[in-house]
Amino acid sequence: MAQPYSDDLRCKLLEAYEAGAGTLRQLAEQFRVSLQYAKKIRGQQKRTGQKQRVEQSRRGPLSRVTAEARASLRSWLKQQPDLTQAELSERLIASGVNVRPGRVGQLLREMELRRKKNPSTPPSATRKPTGNGVRSSPKNSVPSRRNG
């Protein structure tokens, strides 16, 4: 990926332009940068009044989930660890934070919170092998389907 030009180069080009050492086109050739780049940094200097690179702003919308909402999530899960994402979403909506269940899952991962696992599938009928590899044959074992 391309790296940005240093602030030193920007400052030198802009100072030369202010000193009247040439046009932007001539200075761009002299400093071996494109004319578009020279125009861009000159425009930024006019807008901001500074020669150094302007710090980039955060991209994307700000999160609706505040620190208070995160604290609420933490306390709800401490009190009742088996709440589903949908239930947590409903509670957040009731408290004034409009989020969907999928976003609640993202928040829980960001906060490194784990919910109590309640598997919805029944346990397997196949028995797990023992530590020494010997098959166990308890009285209540499930008969094989093949042998009838």
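Here, each number is a calculation from the coordinates, and none is a lab measurement. Since this is a predicted model, take the numbers as computed values, not measurements. Don't worry about glycine lacking a Cβ; one is built from the backbone with ideal geometry, like all the others, and counts go over all protein chains shown.
For segment 67-110, the mean projected area of the C-alpha convex hull, equal to one quarter of the hull surface, is 2.7 nm². The stretch between Phe31 and Leu113 holds 24.3 nm of extra length on full extension. This uses 0.36 nm per residue minus the Cα-Cα distance.
Scaled against 2.2 N^0.38 Å for its residue count N, the alpha carbon radius of gyration of segment 7-48 is 0.99. Between Thr23 and Thr48, the contour length at 0.36 nm per residue exceeds the alpha carbon distance by 6.9 nm. Eigen-decomposition of the gyration tensor built on the alpha-carbon atoms of segment 23-73 gives equivalent ellipsoid semi-axes of 42, 11, 8 angstrom, largest listed first. Highest mean packing comes first when the peptides 57-65, 5-13, 42-50 are listed by Cβ atoms within 10 Å, giving 5-13, 42-50, 57-65.
FRET efficiency for the Ala2 to Leu62 pair, using the beta carbon distance and R₀ = 25 Å, is estimated at 0.30.
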